[in-house]
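Structure first, commentary second.
Only the coordinates and a few stated rules stand behind these numbers; no lab work does. Everything quoted here is computed from the prediction, not taken from an experiment. Positions of Cβ are generated from backbone atoms using ideal geometry, with glycine treated the same way; all protein chains shown enter the neighbour counts.
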């Protein structure tokens with residue numbers, strides 16, 4: 001019995017068509033990928049000597065960059081902050097949080113403190129005897145909420161002590 005040297009002779013016609021279609025798709029995508037990669041490399045080379053501050057101004061705008069620099073000047077690197085975006089200016093993007101690093105946001109602690117209280121209120125709303133449940137569990141929920149609140153108050157006290165004038 002003679003073995004055929006052609007590898008395609010032993011394959012199904014559908015498999016050969018699938019491989020051919022895959023090859024055409026890959027060949028068709030190469031020029032577009034090359035154009036996009038070339039444009040990105042050209043952009044990289046055009047801004048090669050930029051500092052971080054110049055890049056931030058170019059990408060986010062001068063108003064944003066100057067406001068972030070002002071906030072960074074007011075909050076020490078080991079400080080904490082509470083960010084309230086009442087106007088919805090960041091569209092839920094964590095841009096400000098990353099630009100203010102290594103400063104820690106206080107909001108996660110406040111959310112953690114609200115968790116046990118929310119669970120307690122939900123439990124009392126569905127329980128058949130809420131006063132009896134509250135008498136046995138309310139202090140436990142308050143203790144669980146007080147731990148993250150203590151971290152928030154400690155951060156506020158540390159910041160306040162830094163701002164007090166020193167007497168010597």
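Quick rundown of the values:
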quantity: Label-point separation in nm, residue 18 to residue 52, each point 7 Å along Cα→Cβ; calculated: 5.0 nm
quantity: Net lengthening on full extension, residue 119/residue 132 (0.36 nm per residue, minus Cα-Cα); calculated: 3.1 nm
quantity: Computed E for residue 146/residue 74 - FRET, C-beta separation, R0 45 angstrom, nearest 0.05; calculated: 0.95
quantity: Volume per residue of the C-alpha convex hull in region 129-168, rounded to whole Å³; calculated: 80 Å³
quantity: Separation in nanometres of the label points that stand 7 Å from Cα toward Cβ, at residue 62 and residue 41; calculated: 3.4 nm
